[in-house]
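*Asks:* Dropping the structure in here first, questions after.
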Amino acid sequence: MTTQRPAAGQRVAEPSARPFDVAGIRRDFPILKQQVHGKPLVYLDNAATSQKPQSVIDALVRYYSTYNANVHRGIHTLSGRATDEYEGARGKVRRFLNAVDDKEIIFVRGATEGINLVANSYGRQRVGPGDEVVISGMEHHSNIVPWQMLCQERGAKLRVIPVSDEGELLLDEYERLLTPRTRLVAVTHVSNSLGTINPVERIVAVAHSRGVPVLVDGAQATPHTAVDVRKLGCDFYVFSGHKVFGPTGIGVVYGRAELLEAMPPYQGGGDMIRSVTFEKTTYNSLPYKFEAGTPHISGAIGLGAAIDYVTAIGLDRIAAYEHELLEYGARRLADVDGLRLIGTAKHKASILSFVMEGVHPHDIGTILDGEGIAIRTGHHCTQPLMDRFGVPATARASLAFYNTREELDALAQGMRRVIEVLK
């Protein structure tokens, strides 16, 4: 398997000449210092959620310890500071994605809620009987079920881009799927089960040539590579804070301002209004029109701190280091008898998904846990993709920039331990 760092649509500069100080980075993550079952923790479940650096933890504690208050419209000092920090985090996200304006950044609970927002607000306006929504065969359930629900409600049809044996989208088939009835394309940037980096810039360009908007699920991309939504050209981009080393319960929808302006609110309540009478409600301006109720203030602030952290390291350097780590891990696992990697695309990031002949992935995960190694087993919320590869589940090791070659050696040795135990 050959893995490559992404080129299209990524703001990835040349790697810095200075060495990547993974030992120093690991010191920033207090959870990595512990032992599990008497063994040093090897955390390889980053696609499910990432660990948090001390700077993010400190930002959360500082908020609750020194300026906990509700945001917007408060005239007292604590509310003013909380508002400044909350809106400052929005600006950090805007720069992180290279969006045009802060008003294009909507805070939500996660990528799942972000997709549901677009499906319920944009989708209900634009999708009708006989229309079509195009997704891919490698989507997370979060980028399947909302569109499935919309299509069932509106009498529309869900069309699916097929996946090759290597785990790559068949783009010729994709182009044939686009018709005059296509109203939206929704695709993942990086597959959570395979690690495939999809050619999003090309996918968007093809859709736009037919006048079709595109939503990109970036939950698995943002922790690993820089994203430029203007270069990608996408109309919507969603991601989750907890996968990019921030808190759980916070996520982001980027949307082009002209589309967001035309979309109705997703939820009703406080802060998303300008005025309310029993006869009529006037909605607030962007981005607040889509942020009903008290937001996850600490979550947004913590996400801002996480963005500061990865930006200081450099996403170009993170991508380069993880590329080398992924290739090393693939080589080490290839030496394990009976082990087969699922997903061998040319362009991959962070995911080593595998099966072993005669061994259920659940048993693999249980035995590895006894060795202090944390991986994920199951269908990874991609059951249609598992069906495509003819397996009920896989074992998945997913990497972050604090992982090391020694941890991948431990994974390979752990897999040999699996063989010994189950002989």
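*Asks:* Pick from Leu150, Leu158: which is within 24 Å of Phe290 (Cα to Cα), in the same structural domain as Ala306 (by TED's automatic domain parsing), of a type outside the set (Val, Ile, Thr) and not in a loop (DSSP other than H, G, I, E, B)?
*Replies:* Every option except Leu150 fails the conditions.
*Asks:* Kindly state which strands (runs of 3 or more DSSP E) lie completely within the range 227-300 and contain at least 2 residues that are of a type in the set (Gly, Ala, Ser) and assigned by TED's automatic domain parsing to the domain that holds Pro213.
*Replies:* In the range 227-300, the matching strands (runs of 3 or more DSSP E) lie at 251-255.
*Asks:* Checking the condition basic (Lys, Arg), in contact with a helix residue (DSSP H, G or I) (Cβ under 9 Å, 6 or more places away or on another chain) and surrounded by fewer than 24 Cβ atoms within 10 Å (Cβ to Cβ), which residue from Lys243, Lys231, Lys280 passes?
*Replies:* Matching residue, one of Lys243, Lys231, Lys280: Lys231.
*Asks:* Out of Gly390, Gly378, report the one residue that is in contact with a Ser or Thr (Cβ under 9 Å, 6 or more places away or on another chain), free of Cβ contacts under 8 Å to residues at least 24 places away in the same chain and of a type outside the set (Val, Ile, Thr).
*Replies:* Within the list Gly390, Gly378, the selection yields Gly378.
*Asks:* For Gln4, only one of the following conditions fails: (1) at pLDDT below 95; (2) of a type in the set (S, T, N, Q); (3) crowded, with 20+ Cβ neighbours inside 10 Å. What is its number?
*Replies:* Of everything listed in (1) at pLDDT below 95; (2) of a type in the set (S, T, N, Q); (3) crowded, with 20+ Cβ neighbours inside 10 Å, Gln4 misses just condition (3).
*Asks:* Looking at Arg73, Arg95, which is the one that is assigned to a helix (DSSP H, G or I) and either basic (Lys, Arg) or touching a Cys at 6+ places or on another chain (Cβ under 8 Å) (or both)?
*Replies:* Working: Arg73 fails: assigned to a helix (DSSP H, G or I).
It is Arg95.
*Asks:* What's the number of the only condition in (1) touching a residue at least 24 places away in the same chain (Cβ under 8 Å); (2) within 30 Å of Asp409 (Cα to Cα); (3) surrounded by 13 or more Cβ atoms within 10 Å (Cβ to Cβ); (4) not small (Gly, Ala, Ser) that Arg27 fails to meet?
*Replies:* Going through the list (1) touching a residue at least 24 places away in the same chain (Cβ under 8 Å); (2) within 30 Å of Asp409 (Cα to Cα); (3) surrounded by 13 or more Cβ atoms within 10 Å (Cβ to Cβ); (4) not small (Gly, Ala, Ser), Arg27 breaks only (1).
*Asks:* Just one of (1) in a helix (DSSP H, G or I); (2) surrounded by 14 or more Cβ atoms within 10 Å (Cβ to Cβ) trips up Ile106, so point out which.
*Replies:* Every listed condition holds for Ile106 apart from (1).
*Asks:* Being among the polar types (S, T, N, Q), at negative phi and over 16 Å from the mean Cα position of the chain (by Cα) is the filter here, so list the residues in the range 84-124 that pass it.
*Replies:* Residues satisfying the conditions are Asn120, Ser121.
*Asks:* Give the residue that is surrounded by the most Cβ atoms within 10 Å (Cβ to Cβ), with candidates limited to residues of the range 109-147 that are part of a helix (DSSP H, G or I) and charged (D, E, K, R).
*Replies:* Taking the candidates together, the pick is Glu113.
*Asks:* Go through the range 344-360 and count every residue that is closer than 15 Å to His189 by Cα and either surrounded by 24 or more Cβ atoms within 10 Å (Cβ to Cβ) or of a type in the set (Gly, Ala, Ser) (or both). Break it down into steps so the answer makes sense when it comes.
*Replies:* If we filter the range 344-360 for residues that are closer than 15 Å to His189 by Cα, which is where we start, we get 345-351.
Filter once more, keeping what is either surrounded by 24 or more Cβ atoms within 10 Å (Cβ to Cβ) or of a type in the set (Gly, Ala, Ser) (or both): 345, 348-351.
Result for the range 344-360: 5.
*Asks:* Got a number for residues in the range 270-298 being more than 15 Å from Ile106 (Cβ to Cβ) and without any contact (Cβ under 8 Å) to a residue 40 or more places away in the chain?
*Replies:* The total comes to 11.
*Asks:* Could I ask something else about it? Being closer than 25 Å to Leu352 by Cβ, crowded, with 19+ Cβ neighbours inside 10 Å and outside the structural domain of His380 (by TED's automatic domain parsing) is the requirement here; does Leu184 meet it?
*Replies:* It is false that Leu184 is closer than 25 Å to Leu352 by Cβ, crowded, with 19+ Cβ neighbours inside 10 Å and outside the structural domain of His380 (by TED's automatic domain parsing).
*Asks:* While we're on this one: Need pairs with beta-carbon distance below 8 Å; first residue assigned by TED's automatic domain parsing to the domain that holds Glu261 and within the range 96-107, second among the aromatic types (Phe, Trp, Tyr) and buried (at least 18 other Cβ atoms within 10 Å of the Cβ); sequence gap 6+ or separate chains.
*Replies:* Leu97/Tyr237; Leu97/Tyr254; Ala99/Tyr254; Glu104/Tyr254; Ile105/Tyr254; Ile106/Tyr254; Ile106/Phe290
*Asks:* Would the range 151-173 turn up any residue that is surrounded by 15 or more Cβ atoms within 10 Å (Cβ to Cβ) and within 21 Å of Glu104 (Cβ to Cβ)?
*Replies:* No: the range 151-173 contains no residue that is surrounded by 15 or more Cβ atoms within 10 Å (Cβ to Cβ) and within 21 Å of Glu104 (Cβ to Cβ).
*Asks:* For the range 398-423: of the residues being farther than 14 Å from Leu41 by Cα and in contact with a strand residue (DSSP E or B) (Cβ under 7 Å, 6 or more places away or on another chain), which is surrounded by the fewest Cβ atoms within 10 Å (Cβ to Cβ)?
*Replies:* Leu422
*Asks:* Would you check which residues across the range 376-423 are aliphatic (A, V, I, L, M) and closer than 30 Å to Pro30 by Cβ and list them?
*Replies:* Ala395, Ala397, Leu399, Ala400, Leu408, Ala410, Leu411, Ala412, Met415, Val418
*Asks:* In the range 191-221, what residues are of a type outside the set (A, V, I, L, M, F, W, C), assigned to a loop (DSSP other than H, G, I, E, B) and crowded, with 24+ Cβ neighbours inside 10 Å?
*Replies:* Scanning the range 191-221 gives Ser191, Asn192, Ser193, Gly195, Asn198, Gly218, Gln220.
*Asks:* Failed condition for Ser16, given (1) modelled with pLDDT of 95 or more; (2) over 21 Å from the mean Cα position of the chain (by Cα); (3) within 30 Å of Leu325 (Cα to Cα), with all others met?
*Replies:* Every condition holds for Ser16 apart from (1).
The values are calculated or read from the model by the stated rules, or taken from the named source; none is laboratory data. Quantities reported herein were computed from a predicted structural model and do not represent experimental measurements. No Cβ is skipped: glycine too gets one built from the backbone with ideal geometry, and neighbour counts run over all protein chains shown.
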